[in-house]
1. Can you give the angle from 0 to 90° between the axis of helix 103-113 and the longest principal axis of the chain, with both taken from C-alpha atoms, to the nearest 10?
2. If amide H atoms are built 1.01 Å from N in the plane of the peptide, which residues on other chains or at least 5 residues away come under 5 Å of the amide H of Phe190?
3. Ignoring everything except DSSP H segments at least 4 long, calculate the 222 nm mean residue ellipticity for the chain; use -39,500 (n - 2.57) per segment, divide by total residues, nearest 500.
4. Check Asn156: other-chain or 5+ apart residues with amide H under 5 Å from its amide H, H built from backbone geometry?
5. Please state the charge dipole magnitude for region 328-412, taken about the Cα centre, from unit charges on C-beta atoms (+1 on K and R, -1 on D and E), reported in debye and rounded to the nearest 20.
6. Using the Cα centre of region 321-397 as origin and beta-carbon charges of +1 (Lys, Arg) and -1 (Asp, Glu), tell me which of Ala380, Gly333, Ser362 is placed farthest towards the positive end of the dipole.
7. Among Val211, Val315, Val103, which comes first, second and so on when ranked by fewest other beta-carbon atoms within 10 Å?
8. Relative to the Cα centre, what is the charge dipole magnitude of region 56-149, using +1 at the beta carbon of each Lys and Arg, -1 at the beta carbon of each Asp and Glu, and rounding to the nearest 20 debye?
Amino acid sequence: MCSVHLHGDATTTVLQSQLHVPAEVMVAETAQELFLFIAKRIEDFLKTYHQSALELAEKDSAHPFFSLGFTFSFPAYQTAVNAGILLRWTKGFDIPGVVNQDVCVLLQTEIDRLGLPIKVTALVNDAMGTIMSRAYSLPISHERPVVGAIFGTGTNGVYMEHLQAVSKHLDGAFDSSSGRMFMSTEWGSFDNKLSVLPVTPYDTELDRNSVNPGNQMFEKRISGMFLGELLRLAVLELYGDGSLQLFRNGLPSDVQEANSEGAKLKQSWSVNSSVLSVAQADTTDTLLPLRKKISETFEIPEERITVEDAQAIKVIAFAIGKRAARLAGMAIGSVILQGQLLVSEGSGVQVDKKVDVAVDGSVVEHYPGFETYMREALQAMDGIGKEGEARIVVGHTKDGSSVGAAIVALLAAQQVAPNTRHL
Ligand code: BGC
């Protein structure tokens, strides 16, 4: 959660507090539990950072309200800048009574219940926010971003499309004068039927144990919420095969492990994907950093983890990470081709035209070499190749989605009520 001061010169001042949605709220029984939870955190935030404005607003009902850009990182059918219905939950959320509802209305209701001086003026997907934030921060002379992609807990991509290529009916009023529109692809659910995506037994099991089996199949191979779980399932299988001696370190096979040993290895969804980044980053001979991480991650005593064990886990983690990065590159390449973004208007292919791609998310930020493997995939794609790949600029836009939401909130609020503060 943050408040953003846009200085108007590509810079910002951001006041931020981390908001983690507890596991029980992700599967709350009612929509109100989630939206009241968010509204209460907004109230805490205002009390911490904007107490005086809050007091003024409490005394004077004509005091300007704060304008809130709601970064909502789930598939929504958006018919206005401040209206959108949830199409389906992803990333482990599963709360009844929200699908098909306008999430701006649900949040506004809880904000009003607490009497906060806030209006939800914009609903912004995180991938779109990332584009906006990068566009704001770049010098005017720089190519504008035309693709935004998130590779974090979940994944999604937004790209600039020609309106004439859109065959679907678009509800709501919009300005069509540029002939272009940003489209949120929700590529996380690409190929849910698995006609082309790679499938391992671990993918199948992960999907079976998820809250949304058969959905978000692309996301389940790419994003941070799932990569650790894929590794856990693969390692658990090796651990279960006594002949492989994984995590035994020479102990005779009749020595019983303590009950608590490997508790996290045996527990679904307990493994954070950061272990993959450590595995990739550790190039030491002894693999001590990785062995320590494996010990913490799976709750295996450190002295049980040999170099060979760590090497085996490194190989598996690399296969999972590289596959994710290559699929991510394929997704970016596909929207570039679909939007004809390597082609200049009117004049065919212009060799020096750059295609700017704004990216954000923990996986692309922390997994060493993610961009390199993404680029390998782009080079291998028909229609892009080495030349096209060299023209693609990948701009890491850390925490871009929140700044982007603030920018959209500002623009939206200026259209309806010039006298607002922006949150
Ligand atoms: C959601 C997208 C979101 C992405 C990244 C996916 O699970 O469906 O809307 O942009 O995660 O957060």
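1. 70 degrees
2. Phe218, Glu219
3. -13000 deg cm²/dmol
4. For Asn156, whose amide H was placed from the backbone, the distant partners under 5 Å are Ile150.
5. It comes to approximately 80 debye.
6. Ala380
7. Least to most surrounded, the residues fall as Val315, Val211, Val103.
8. For region 56-149, the charge dipole is close to 200 debye.
Where a number appears in this text, it was derived from the coordinates with a stated rule and is not lab data. Everything numeric here is computed off the predicted structure, so don't read it as measured data. For neighbour counting, all protein chains shown are included, and Cβ atoms are generated from backbone atoms with ideal geometry for every residue, glycine included.
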